[in-house]
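Asks: Can you read through this structure? Questions will come right after.
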Amino acid sequence: MRAVRNSLKATVLALSLLVLPGIALAHAGHKPLHGGMLDYYQETSVELVVKPSGVEVYVQYDDENIPSQGLTGTVKVTAPGAKAKAFKLSPAGGNKLEAKGVKAPKGSVVEVTLNGVEDTPALTAYSIK
């Protein structure tokens, strides 16, 4: 009986060692596809790209592009020494949303809130360096 129990424990341990690294590294291989910064909300990956003309947001769910049509969202920028300002994101084709005219200087914090990807709003945050 003891040998069976020890064998069962060894089997469970071996299986957990095979499965857990895959779970822990589920997002580890992802890299920004548009030169921006990545953050995650559950299975949603959100890439923020800051440009002189504004900000762009690219959305994927479980490694699949999510069409920006039907998504809504906001970008909130808190610059050093300034009050936070919120801007509406607009669909811009493909899996991209954008907010033109938004300035996100170095040292600011940018929060992106997306609706329509998951059951609850997806909130991601970025520190601009």
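The values are calculated or read from the model by the stated rules, or taken from the named source; none is laboratory data. All values reported here derive from a predicted model rather than from experimental measurement. Note that each Cβ is placed from the backbone with ideal geometry, even for glycine, and that neighbours are counted across all protein chains shown.
Asks: Within segment 106-117, how many residues turn out to be at pLDDT below 95 and over 14 Å from Asp39 (Cβ atoms)?
Replies: Summing the residues that are at pLDDT below 95 and over 14 Å from Asp39 (Cβ atoms) in segment 106-117 gives 1.
Asks: Looking only at segment 41-71, which residues are small (Gly, Ala, Ser) and within 19 Å of Lys129 (Cα to Cα)?
Replies: Ser53, Gly54
Asks: Just to be sure, is Val49 part of a strand (DSSP E or B), farther than 12 Å from Glu111 by Cα and out of contact with any Ser or Thr (no Cβ under 7 Å at 6 or more places or on another chain)?
Replies: Numbers: part of a strand (DSSP E or B): yes; farther than 12 Å from Glu111 by Cα: yes; out of contact with any Ser or Thr (no Cβ under 7 Å at 6 or more places or on another chain): yes.
Spelling it out, Val49 is indeed part of a strand (DSSP E or B), farther than 12 Å from Glu111 by Cα and out of contact with any Ser or Thr (no Cβ under 7 Å at 6 or more places or on another chain).
Asks: Next question, about the same structure. Residues in segment 17-35: is at least one assigned by TED's automatic domain parsing to the domain that holds Pro121 and at pLDDT 95 or above?
Replies: No: segment 17-35 contains no residue that is assigned by TED's automatic domain parsing to the domain that holds Pro121 and at pLDDT 95 or above.
Asks: In segment 61-84, how many are crowded, with 16+ Cβ neighbours inside 10 Å, of a type in the set (S, T, N, Q) and assigned to a loop (DSSP other than H, G, I, E, B)?
Replies: The total comes to 1.
Asks: Quick one: which residue in Tyr40, Tyr58 is touching a Lys or Arg at 6+ places or on another chain (Cβ under 6 Å) and of a type in the set (Ser, Thr, Tyr)?
Replies: Tyr58
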